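Written below as C-alpha cells is the structure these notes are about.
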Amino acid sequence: MTILSNAKGSCMNSSTAAESENNNICRLTSDFELLRQSSLFSGLHLDVVKLFAYLSVRRAYGQGDRLIEQGDQADRAFILNDGAVEISISHKGTDVLLQRLHKGDFFGELALLAQFDWFFSARAVTEVQALTIERKAFQKILEKYPDHKDVLIERIIQLRVERLISQTTFMLDRIVLNDADAKASLI
Amino acid sequence: MQLTKRPLFYWIKKRYRALQVVLLLVIVVGLFFRVYPLEMQRKIINIAINLKMVDKLYLYCALYMGAVVTAGIMKYLANVLESVISQKILIGMRRELYQHMLKLPLPFFHRTQTGTITSAMTAELNAIAAFLGGALAVPITSVLTFAVFLGFMIYLNPLLGLLSMIIYPFELTVIPLLQRVHNRYNQKRVMVVRRMASVVNEAAEGIHEVQGNGSFLLEQLKLDRLIYRLYTLAVRLDILKFGIKFSNNLFQSFGPFILFLVGGYLAINGEFTIGALVAFLSAYEKVYDPWKEVIIYYQSYQDAQVRYRQIMELFDYQPQFLLEAPAADSPPMKGAIEAEAIGYRVKESIQLLDDINFRLEAGQHLALVGFSGSGKSTLSLILSRLYQQSSGSLSIDGQPIEMLTQAEVVAGISTMAQHPFIFTGTVRDNLLYASTALHLAGLKNELPEQREIFETVTAVGLAPDVIRWGLRSTIPPQRAEPMIPSFLKMRRIVQQQLSKEVAQAVEFYDVNSFLRYSPLAVNIMFGNYGIAHTTKKLLTNQEFRTFLKDQRLEDPLLEFGLTIAAATVSLLGSFSGDDFLFKGSPMRPDQLKNYARITDRIKPGDSLAGLKQNERNRLLLLSLKFIPGLHKITTLPKRLETAIMSARLRFLQDVAGIDIERCSSGLPQSEITALAVESEAVPAKTSFTPFCINHYLYSRTLQDNIIFGTVINRDLVREHLSVVAEQALRQYGLMDDIMEIGLDFHVGSKGDNLSGGQKQKLALARALLKNSPILILDEATASLDNSSQTRIQHYISNKLRGNTTVIAVVHRLDMISEYDHILVMKEGKIVESGTYDDLIERQGVLYELVNSSRE
C-alpha cells in the first residue's frame, strides 16, 4: 500500500485539476484503474497491479492498423482501452474472422506465459487505444510476487477458454446458419 | 598418433625445440653466475680482508655484484622465455583439441554435459599451461645446479659436503609419498569442479524452468552437495600441501645444524678457514634453490599430469569427421542417390528404420511423407550422413557412400534441420556459414557474390526483413555520407505520402509541438547531439547551463528531477539492479542509492537550497533525460511543458542561431553556429544538429532519419513504411546498400533477435547458398505462413529441378504434387512409393492422407 499511496502522491502533485483536462493526466493512475477493473487483475494485491500499470505500455492505432500480425513473435498481451479490434486467422491464403473485441477485453494473454509465434492477427476496426504488457514484465513482477503466480495462470487459462468457446461458437454459427454446403457436408 | 592418446610430454618434446634450447642455455649461463659470487665471497674474506688489500676488495666486490646482477637478468629472461613457450604450446594444444572435439560423433555430445566440455577446454587447459614452458629446461637445470653447488661444496671440504647431503635421501622417499595422496585428492577435485560447472551451466540454460517453478532451493541443493565436497577436498589438499612444505623445511634446517656443528668444530681446530665456512654456508643455501625448484616442478608435473589425463579421457573418442581432401581426379558429384535396404537400430533392439529402398536420378525431387514418428527425420539424418545406417547401403552417383571422402560428402550434401541452429553473429555470418566453411577447407574457391546472396535471400522471402534491419541500423558517418542526399529526398516522400498513415506510430519532429517520445533535453534544443554524446556532457556545457538559468528553467527542472527521484525510489527501491524494471524511469538501477540519499533528506516541495552542486547536477540529469511518453514513473507538469516549448524557440534562435522558418521549410540556413562541444573538424557528426528537414541525424537510425521523427510503434511503421521505403530505395538505387547494411544486423545469441519464421528462412537461405548437388530439407518451411511456404516450394520446384537433387520431409500435402517421387512412410517402413498421380490413382495411403487433410 505504501507504494500505491506514494506513487499516487507524486502523480497528484503534478496534475492539479486544471492540468488533468489536457493530455497530461497521470497515466500511471488511469492505467492502474483500467487494470484493477480488468478480469485478469481484479482483486489482486494493489502493489502488484501498480507494478503492472507501471510496466505496461500504451499504444495507439489508426483504423485498419494491425495490432498483431500472424507469424510474428508473440511477446506481449493487449488490453483494449478504447475502440474495437477484429481477431482473424489467415488460413490457406484467406483471412477468416473469428471474433470482435471491445473496450476492456484482453487478447494475446498466452504470450505472457510462453514463447511462440502469433497464430492469429488482430486488426483495429476503429481508432484504438491499447495497453500492452510484455512477457518479460509479467515474469519480472511474478519473480517478486511469486504467490500471485497460480492465480494469474489460472485466470489466463480461463480467459483463453472463454475466447476459445466464443470463437468456436462464432464459427459454428456461421457454418450452421450461413453455409448450406457446409451444412450438407456435416450431415 | 590420435590426439587423446598422446602423453603430456609429446607436446613438449615436439614443439618449439629451438626456443627450449635457448631457454636451457640461458639457465646454464645464469647458473654459472650464481656459483661465481660464492667464490668471490671466499676470496673477499680469505684474501682481501685477511691480507688487508683494499684494491682486491674493490675488484672482488665489483665482480661479485656484476655476477649477481647478471644472474638476476638471466633468471628474468628464463622466466619470460618459459612463459612464452608454455603459451605457444597451449595454443597448439587448444586448437588441436577443439578441432578434435568438433569432429566427435553426435552421441558424444548427447552424453556429455556442455559445462564439462566448456570447463575442460578453458580453465583446465590453462592450468596445464603453467607447467609446460619449463617442463624440460627446469628439471635439467635444477639437477645441473644441484650438482654444481654440491661439487663446489665437495671442492671446499669433501667431508662436510657429503655430510650436508645426508638428509636428501629421506626427503626423496617421504615427499613423493605425500605427493601421491595429494594427486588422488586432486583428481577428485577436478571431477567435482567439472560437475559443479555442469550444474551451474544447466541451471543457467534451463533458467526458464528454474524461475518458472521457483526451484531455487532444489538447484541450490544440487550445488550444495558439490560445494561441501569441494570444501573437504580443498582442505585435505592444503593439509597435504602444507605437510609437504613443513617436512621440507624441517629437513632443510638439519643442514645448517650439521654445518655449524661439524664446520664450527673444524674451524676452531684450524682445519677450515672462516672464508670457506661462509662460502660453504652460502653454497648450502644455494643448493636449496634447485631442490625447491625440483619439488615445485614435481608437484606441478603431477598436477598437470592429472588434469591432462582427465581432459584427454573426456575427449577420448575416435573423431568421425575427417575432412581429407578428395582425390584430384574424382569427378564432380552429380547427385543421383540410391538407397538399398537401409535399416537403423538403436540399442540393438529398437528398429527405427527398416528396409528402405529408393532410387533418385540427379536433379530429381523426392518427398518423404508420413505420420509423425514414422522415421522421416531419421531417414533424412542418415541421408545427410549425420547418422550412420545400421544396415543396407547408400550410394551416390553409383558409388557406395563409404567410398567417398568426408570432404566430398560435406561439400556435396546440404542439409536443413527441422530446428535449425542459428549462430551468434550477423545475418551475413549465418548466411555464409556453410560456404565459408567449405571455402576455409579449400573445397570451394569463392564465396557467393552479392547478387547470388540477394537472390537467395529474396527467394526464401527474407528480403523484406533484411531491408527492415537495414533501415533500423544507425549507419556510420562515412558509410552514410554518399547516400545522404537520397535519404533526405526519401524523407520528403515519407512526409508527403505517409504522415497520415503512420500518425499513430510516429512522432514527427515538428518545431511547434512537444515531443512526447524525446527526452526533455532534446525537447529544449529541438535537436540532437551527435554520436557518443551524452546528456551528462551537455551539463558541462556552460552556454547551455547559462541558457537554462536565463530562461528560469533550472529550478522547475530540478523540482521535477526531485519528483522523478522520489517516485522511482519509492516504487523501485526494493528492485535495485534490475534494468528491465527501470525502463519506466530515466534513472539507472545502479544510481538508485545516490538518488535515495538525496530524497532521504529533501522531499518534493521542499526548498532546493540544501542541494549540493553535484546533487543539483544529478537531479538535472534525471530531468533532462526524462521521456514523457516512455517514463511512466511520473507525469510531466503541464507548466513545465509550456516553459520548455517557449525556451525551445529562444534556444534555436538565440543560441543555435537558426531561422526557424527556414529550418522547417527546408530552405538553406545562412549559417549555423553550433554549440561547440566536440571537435570542430567534423561538426555535423559529433556536434549539435537541429531537427531541420534538410539535416541528416547521424546519431539516429536510418528509419528515424527517413521518417524524420521518433518511431513509437515499430510494428505499425513496418506495415506502412516498407512499401513506400522499398519503392523509394529502388528509385534512388539504394536497395543494394540497404540490404548490405541489413545483412550486418546482429541476430543475437543463438538468433534470439529473430522470430521462428526468420530463423527458418535464414537457415534455408544458408542451405541454398551452399550450392550442393544434393539438398535435404526436414520440414524446412514449417514455421512459415502459407503464402511463404508456397512461394518457397515454387522456387524449389522451378529453379532447382534438374540441377539439385532434393529430398524433403514434407508435412503440407497440398504441395507434394510438385515432387517427382513420393515415399509414404509408416512405422519406419515405406508403405507406398511412386509418383503423385500414380499414388492418387491407386487410392491407397497417400490418397487417404491427402483427402483427410483437405477436410
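Since every read-out is calculated from the coordinates, none of them should be taken as a lab result. Just so we're clear, the structure is a prediction, and the values are computed from it rather than from any experiment. Glycine also receives a Cβ, built like all others from the backbone with ideal geometry; neighbour counts cover every protein chain displayed.
Taken about its Cα centre, the protein assembly as shown carries a charge dipole of about 3780 debye when Lys and Arg each add +1 at the Cβ and Asp and Glu each add -1 at the Cβ. Taken along its three principal axes, the alpha carbon spread of region A:2-178 comes to 57, 38, 27 Å, from the longest extent down to the shortest. How big is the gap, in Å, between the Cα center of region B:398-468 and the Cα center of region B:690-713? The two parts, judged by their Cα centres, are 36 Å apart. Each Lys or Arg adds one and each Asp or Glu subtracts one; over the other residues with Cβ under 10 Å from the Cβ of B:Gly92, this totals +4.
Computed across the protein assembly as shown, the Kirkwood hydrodynamic radius from all distinct Cα-Cα pairs reaches 36.2 Å. Counted by Cβ distance under 10 Å from B:Gly834, the other residues give a net charge of -3, where Lys and Arg count +1 and Asp and Glu count -1.
Beta bridges from DSSP with both residues in the protein assembly as shown: antiparallel share about 75 percent, rounded to the nearest 5. Ordering B:Ser585, A:Ser30 by the number of other Cβ atoms within 10 Å of each residue's own Cβ, fewest first, gives A:Ser30, B:Ser585.
With the simple spin-label model, which puts each label point 7 Å out from Cα in the Cβ direction, the B:Ile73 to A:Ala114 separation comes to 7.4 nm. Among beta bridges from DSSP that stay inside chain B, the antiparallel ones total about 60%. Partner shielding of A:65-75 amounts to 4, given as the average count of beta-carbon atoms from other chains within 10 Å of each residue beta-carbon.
Each part reduced to its alpha carbon centroid, region B:107-171 and region B:534-594 end up 60 Å apart. Placing unit charges on each Cβ (+1 for Lys and Arg, -1 for Asp and Glu) gives chain B a dipole about its Cα centre, and among B:Leu630, B:Met312, B:Ile484 the Cα reaching farthest toward its positive end belongs to B:Met312. Taking the number of Cβ atoms within 10 Å of each Cβ as an exposure proxy, the fewest-first ranking of B:Lys770, B:Lys612, B:Lys347 is B:Lys347, B:Lys612, B:Lys770.
Could you please state, rounded to a whole Å, how far the C-alpha centre of region B:607-645 is from the C-alpha centre of region A:115-176? What the calculation gives is 37 Å, centre to centre.
With a Förster radius of 35 Å applied to the beta-carbon distance between B:Val21 and B:Leu386, the computed FRET efficiency rounds to 0.15. Near B:Lys43, which aspartates and glutamates are there with a Cα under 20 Å away, not counting those fewer than 8 places off in the same chain? Partners found: B:Asp55, B:Glu271, B:Glu285. When the pairs B:Lys444/B:Lys761; B:Lys537/B:Lys603; B:Lys188/B:Lys750; B:Lys188/B:Lys286; A:Lys149/B:Lys347; A:Lys149/B:Lys826 are compared against a 31 Å limit on Cα-Cα distance, B:Lys188/B:Lys750; B:Lys188/B:Lys286; A:Lys149/B:Lys347; A:Lys149/B:Lys826 fall above it.
Under a model in which nothing but the beta-carbon of Lys, Arg (+1) and Asp, Glu (-1) is charged, region B:519-683 shows a dipole of about 560 debye around its Cα centre. Between the Cα long axis of helix B:274-314 and the first principal axis of chain B there is an angle of about 30°, rounded to the nearest 10. Computed on region B:519-683, the Cα convex hull volume stands at 129 Å³ per residue. Between B:Leu106 and B:Asn269, the modelled label-to-label distance comes to 8.5 nm, taking each label 7 Å out from Cα in the direction of the beta carbon. Computed from the C-beta positions of B:Gln843 and A:Leu172 and an R0 of 35 Å, the FRET efficiency is 0.65 to the nearest 0.05.
Taking R0 as 51 Å, what FRET efficiency do you get between B:Leu177 and B:His208 from their Cβ-Cβ distance, rounded to the nearest 0.05? Efficiency, rounded to the nearest 0.05: 0.50.
Here is how the number arises for chain B: DSSP H runs of 4 or more residues each give -39500 (n - 2.57), the sum is divided by the residue count, and the result at 222 nm is -18000 deg cm²/dmol. Note on B:Ile296 and B:Thr534: their simple-model spin labels are 4.3 nm apart, each label 7 Å out from Cα toward Cβ. Principal axis extents of the Cα atoms in region B:104-153, from largest to smallest and rounded to whole angstrom, are 62, 18, 12. Straight Cα distances below 20 angstrom link B:Lys52 to the aspartates and glutamates B:Glu39, with same-chain residues fewer than 8 positions distant left out.
Measuring between alpha carbons in the structure, the pairs from B:Lys13/B:Lys88; B:Lys334/B:Lys829; B:Lys103/B:Lys770 lying more than 23 angstrom apart are B:Lys334/B:Lys829.
For B:Arg801, A:Arg27, the sequence from fewest to most other C-beta atoms within 10 Å is B:Arg801, A:Arg27. Within the same chain, aspartates and glutamates fewer than 8 places from B:Lys638 are excluded, and of the rest, those with a Cα less than 13 Å from its Cα are A:Glu19, A:Glu21.
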